[in-house]
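Novice: Once you've had a glance at the structure underneath, I'll fire off some questions.
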Amino acid sequence: MAPFAKPESVLRRADELIAVGQHAAALEALHDVIISKRSRSVPLVSLEPIMLKFVELCVSLRKGKIAKEGLHQYKNISQNTSIATIELVIRKFIQLSEEKVQEAQAKADQITLDGLDDLEATETPESILLSTVSGEQNKDRTDRAVVTPWLKFLWEAYRTVLDILRNNARLEALYQTTAHQAFQFCLKYTRKTEFRRLCDLLRNHLQNIAKYAHQPHSSN
């Protein structure tokens with residue numbers, strides 16, 4: 001087994017890898033530190049910067065499962081010491097995920113605009129109708145290719161965070177905020193299926209409160 005590297009050294013190495021475009025290798029290096037059993041003895045002041053860089057890479061590379069594993073581990077490490085650091089990292093994770101959707105939408109809109117024909121060309125009713133139909137089709141294809149993957153990632157990010165924060169009295173405020181953000185997501189993008197799944201998820205969390213009432217810091 002390789003020796004456990006100091007968090008500061010791993011973070012510095014990750015920055016070096018990112019600088020030369022090796023983002024996946026940087027993520028792997030940070031992931032190894034976070035999931036190591038020895039990370040439990042690392043001061044949070046050293047581990048927090050690693051987690052912030054970790055979620056940044058997870059989002060940029062769309063590695064939702066790896067992010068979930070790392071966030072669960074970090075919550076287990078820090079929940080008895082500092083709730084603030086968990087909230088900081090999770091808020092950063094959601095913020096970056098939401099920003100990626102916004103960037104993808106802007107990119108898709110620009111691609112659609114770039115595909116427009118000459119704006120000064122003479123138009124006939126037939127050509128206007130044809131361009132409108134083809135333009136809508138092109139936008140649909142662009143949205144599916146550019147925006148949809150990030151919408152899926154953001155939706156999974158909300159689910160991941162709600163799962164991590166559930167049934168913890170000290171994390172209830174952030175749980176409520178995240179649930180509200182997820183509902184706004186369903187409303188903004190008219191996601192009826194995800195809305196039903198979100199309701200089922202929250203209902204399940206509520207039903208499980210009594211089951212885990214004996215655990216420390218469980219919700220009342």
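Novice: Fewest to most neighbouring Cβ within 10 Å: what's the order for C58, C199?
Specialist: Lowest count first: C199, C58.
Novice: Could you please rank V33, V45, V101, placing first whichever residue has the fewest other Cβ atoms within 10 Å of its Cβ?
Specialist: V45, V101, V33
Novice: In whole Hz, what ³J(HN,Hα) sequence does region 80-92 give by Karplus (6.51, -1.76, 1.60; θ = phi - 60°), x for Gly and Pro?
Specialist: Values per residue, Gly and Pro as x: 8, 10, 8, 6, 4, 6, 5, 4, 4, 5, 5, 4, 5 Hz.
Novice: Mind scanning K75/K211; K63/K188; K92/K211; K63/K107; K68/K100; K37/K100 and naming the pairs with a C-alpha gap bigger than 26 Å?
Specialist: K92/K211; K37/K100
Novice: So how do T190, T160 line up by other beta-carbon neighbours within 10 Å, fewest first?
Specialist: T190, T160
Novice: Express in nm, to one decimal, how much length is gained between E69 and Q176 on full extension, taking 0.36 nm for each residue of separation and deducting their alpha carbon distance. Spell out each step's value before the answer.
Specialist: Numbers: separation 107, 0.36 × 107 = 38.52 nm, distance 2.16 nm.
So the chain would gain 36.4 nm between E69 and Q176.
Novice: Counting pairs of alpha carbon atoms under 8 Å apart in space and at least six apart in sequence, what relative contact order in percent does region 1-64 give?
Specialist: The normalised contact order for region 1-64 reaches 35 percent.
Novice: Can you list residues whose amide H is under 5 Å from N168's amide H, if they're 5+ apart or on another chain and H is modeled 1.01 Å from N?
Specialist: The answer is S219.
Laboratory data are not the source of any read-out in this text; all were calculated from the coordinates shown. Just so you know, these numbers come straight off a predicted model, no measurement behind them. Quick reminder, even Gly has a Cβ in these numbers, built from the backbone with ideal geometry, and neighbours come from all protein chains shown.
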